Every structure is written in C-alpha cells, then in structure tokens.
Amino acid sequence: MNGVKIFLSLIVSVSILSAVESLQQRAFKQRLEPIPSDAKTLFSYINDANDPISDEKVELGKKLYFDPRISKSGLISCNTCHNLGMGGVDGVETSIGHKWTMNPNHLNAPTVYNSVFNRVQLWDGRISHLEIQAQAPIQSEAEMAASNELVVERITSIPEYVAEFKKAYGNDINITFEKIAGVIGVFERTLVTPSAYDDFLNGNEKALNKIQKEGFELFLEKGCTKCHYGIALGGTVQPFQVAAKYKFIEIGNFKGNENGMVKTPTLRNVAETYPYFHNGQVWSLKQAIVDMGSIQLGIKISNKEADSMVEFMQVLTGRKPAIIYPMLPRSTDKTPKPDMN
C-alpha cells in the first residue's frame, strides 16, 4: 500500500508540475517575456551603446528628473507627472502643466516605470527612443513650456551641474539641450520593476498562487496578449476600438496617430497606474478589464472572470528600485529666474 501511495503521489506531483509548465509554455507561445533575473542579461536589455549607462550618468539624470528648474516656471519637474512614489504617474485624469493648464488633448500621463521596454513612446507612438521622448514634455507649452535655450542656460549657470556633466561625459562635453534630456533618459532606463509574474515565467512555480494562475489562464484565453505582449506587456501601437466604441472617446481630441493607432500601455504596475485609458476616464481596474473585452476583443467578460484577472494583474506590481530624493545644487546669480508667463 505504501508503494501505491508513493506512486500516486508522484503522479499528482508530476501532473501539477506539467500544468504549471504548460501555463508558462503557453505564455511564451503568446509572445510574453519576463524581465531577466540575471543582472548581466537585464543590463544588456536596458543599456544603449550610443550612451552607455554609468553610475555618474544615472545620478546626474536622477537630479535633473527631480529638478523643476528645467521647466519655464521652475515649478514642474519630470516627477510632477511621473511620480516615482505613485507608480510613475500623477494619479489624475489628465496632467496639469504650465500656468495650471490641463493637457489640451486630455491625455493621461503613462507610467515611466519600465518605459525602457516600450517599442514606442507617447500615446501616438511617434517617438521610439526614450532619450528623445524626454525632450517632448520639456518643450511642450502645455507641460513644462521651456525653450531649449532656457534649459541650457539654467543648467550651465550652475557649476555643480557643469562639473557633474564633465564627470559623466568627459571634460570636452558640450552641454546641449539634447544631452540634458538624454541623461534624464539614461536614468529612466534604470526604472525597471521585476515582479512575481517575472519570477513565475523565470521558473519559480510558487511565485503565483492558484487564484492568480487562474487569472493568468483567463488573460491568455481571452486574447489579451494580442496587444499586451512582450517584455513590456504593451508598448506597441495597435488599432483602438476594434470591436466596439469606447464610450468616453469624445473626451479630449486624441484620435491616435495618422492611422488611428494608439500605443498600448504597459500592464506592469497597472494596479497603481489608475485612472485608465488615454484620457483617464476609468478608475476601476476591474471595469477597465471588462471594457477592454468589449472594445478590443468583442467579448463579454463576467464579473467573476474580471475578479480573477484583477488578481493576476495585482502580481504585475513590481519591486521598485530604491530612489533617494536627491539634494539639488543651488542656483547662482546667472541662473534665469522662474517665469510664470
């Protein structure tokens, strides 16, 4: 009898293991990819040979990310709309910019976490390079409203910043607007948040519990990976309103790119990045899941199914890198004053 019990126990164990492996394999077949657990491999994903990551660049980029002096008013930093303590977003429907102006297209700020894995940046996907994307909000009249010349003048008027640029790039560095935005992008490349989801796909079968695995199964079965795939679980441009009309489509004037394509937001940390959709009209993750089933897939997702998928999406909340708020160098008499106009 003991031999039979042991044999049956082995069969059950193998069956459970096979089921877990089957879920992982199906995930890979549907183009899902984990953040690598190996530091060297991960570095190869986020590094850019044209502007390699270094400790000096990351520290300088972090200071500039938090420095409101790169905005015309001297009040708005990158962290204002992409708050690293709030999932990399600002938690409002649409971002508030220069002179307390709402975004004219009523666009919701996407998370900066894991943006390095996006194939495209911005809601219309018109920019692919993260360092170039960092230029856009600084220049936008509705956001930071700073001219290239003003940003360069502010930063180069501060000796500590000049010294840090030389330390990061060498004494011959020409501190241009592109270089200032670029080093912010270098910092942003490091904002990667591996999660229990990645642990599971990297081979740890205990990283997800039964309910979370059931939600993952539904995520795959319902076809969510048609848009939310890859290491970013999004980050590519896709058709929007494929099967039905988004009921809030008239709020704001954003219609996508010239072909009506919209960047699919990453699902990483999605439980923290409410409100949802490009114009921030849906505050419930469960409701967003139900709506996406109707709008994109043409299916009805039941309350029970949505609850299960929410449980899965909770495990996409990742482990954030430790960010110590930097002490910023002081302005000088040569630093252009804040301009509220």
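The values are calculated or read from the model by the stated rules, or taken from the named source; none is laboratory data. Source: prediction; values computed, not measured. Neighbour counts are summed over all protein chains in view; Cβ atoms, including those assigned to glycine, are modelled from backbone coordinates with ideal geometry.
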(request) Mind counting the residues in the range 290-327 that are in contact (Cβ under 8 Å) with a residue 24 or more places away in the chain and within 22 Å of Val242 (Cβ to Cβ)? (result) 13
(request) Being among the charged types (D, E, K, R), assigned to a helix (DSSP H, G or I) and more than 24 Å from His82 (Cα to Cα) is the filter here, so list the residues in the range 165-181 that pass it. (result) Lys166, Lys167
(request) Would you please name the residue that is modelled with the lowest pLDDT, looking only at residues in the range 253-306 that are in a loop (DSSP other than H, G, I, E, B) and aromatic (Phe, Trp, Tyr)? (result) Phe254
(message) So, Glu149, is that one out of contact with any strand residue (DSSP E or B) (no Cβ under 6 Å at 6 or more places or on another chain), at pLDDT 95 or above and farther than 20 Å from Ser71 by Cβ or not?
(response) no
(request) Determine, yes or no, whether Ile295 is buried (at least 21 other Cβ atoms within 10 Å of the Cβ), in the same structural domain as Thr225 (by TED's automatic domain parsing) and among the β-branched types (Val, Ile, Thr). (result) no
(request) List every residue pair whose Cβ atoms lie under 9 Å apart, where the two residues are 6 or more positions apart in sequence or sit on different chains, the first residue falls within the range 176-195 and is farther than 14 Å from Leu130 by Cβ and at pLDDT 95 or above, and the second residue, located anywhere, is crowded, with 20+ Cβ neighbours inside 10 Å and among the charged types (D, E, K, R). (result) Thr193/Arg268; Ser195/Arg268
(message) Any residue that is hydrophobic (A, V, I, L, M, F, W, C), part of a helix (DSSP H, G or I) and out of contact with any Gly (no Cβ under 8 Å at 6 or more places or on another chain) - is there at least one of those in the range 182-190?
(response) no
(message) Within the range 234-245, does at least one residue satisfy the condition of being of a type in the set (Lys, Arg), loosely packed, with under 15 Cβ neighbours inside 10 Å and not assigned by TED's automatic domain parsing to the domain that holds Ser95?
(response) yes
(request) Could you please tell me which pairs satisfy a Cβ distance under 8 Å, a separation of 6+ or placement on different chains, a first residue in the range 102-122 that is acidic (Asp, Glu), and a second residue that is surrounded by 22 or more Cβ atoms within 10 Å (Cβ to Cβ) and in a loop (DSSP other than H, G, I, E, B)? (result) none
(request) Could you tell me which of the residues Ile70, Ile53 is in the same structural domain as Lys167 (by TED's automatic domain parsing), β-branched (Val, Ile, Thr) and surrounded by fewer than 18 Cβ atoms within 10 Å (Cβ to Cβ)? (result) Ile53
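A quick yes/no check of all residues on (1) farther than 27 Å from Leu201 by Cα; (2) in contact with a Lys or Arg (Cβ under 7 Å, 6 or more places away or on another chain):
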| position | (1), (2) |
| --- | --- |
| Tyr229 | no, yes |
| Asn259 | yes, no |
| Lys263 | no, no |
| Tyr274 | no, no |
| Asn279 | yes, no |
(message) Just to be sure I understand, how many residues within the range 198-210 are assigned to a helix (DSSP H, G or I) and loosely packed, with under 15 Cβ neighbours inside 10 Å?
(response) 1
(request) Considering each residue of the range 241-286, count those that are of a type outside the set (D, E, K, R), without any contact (Cβ under 8 Å) to a residue 60 or more places away in the chain, out of contact with any helix residue (DSSP H, G or I) (no Cβ under 7 Å at 6 or more places or on another chain) and more than 28 Å from Ile35 (Cα to Cα), and give that number. (result) 4
(request) Identify, from the list Leu84, Leu64, the residue that is under 28 Å from Asp199 (Cβ atoms), surrounded by 16 or more Cβ atoms within 10 Å (Cβ to Cβ) and within 20 Å of the chain's Cα centre (by Cα). (result) Leu84
(request) For the range 55-86, enumerate the residues that are in a loop (DSSP other than H, G, I, E, B) and small (Gly, Ala, Ser). (result) Ser71, Ser73, Gly74, Ser77, Gly85
(message) Can you report the number of residues in the range 196-228 which are of a type in the set (D, E, K, R), free of Cβ contacts under 8 Å to residues at least 12 places away in the same chain and either more than 25 Å from Leu42 (Cα to Cα) or not assigned by TED's automatic domain parsing to the domain that holds Ile299 (or both)?
(response) 2
(message) Against the definition (more than 18 Å from the chain's Cα centre (by Cα), outside the structural domain of Thr225 (by TED's automatic domain parsing) and within 23 Å of His278 (Cβ to Cβ)), how does His129 come out, yes or no?
(response) no
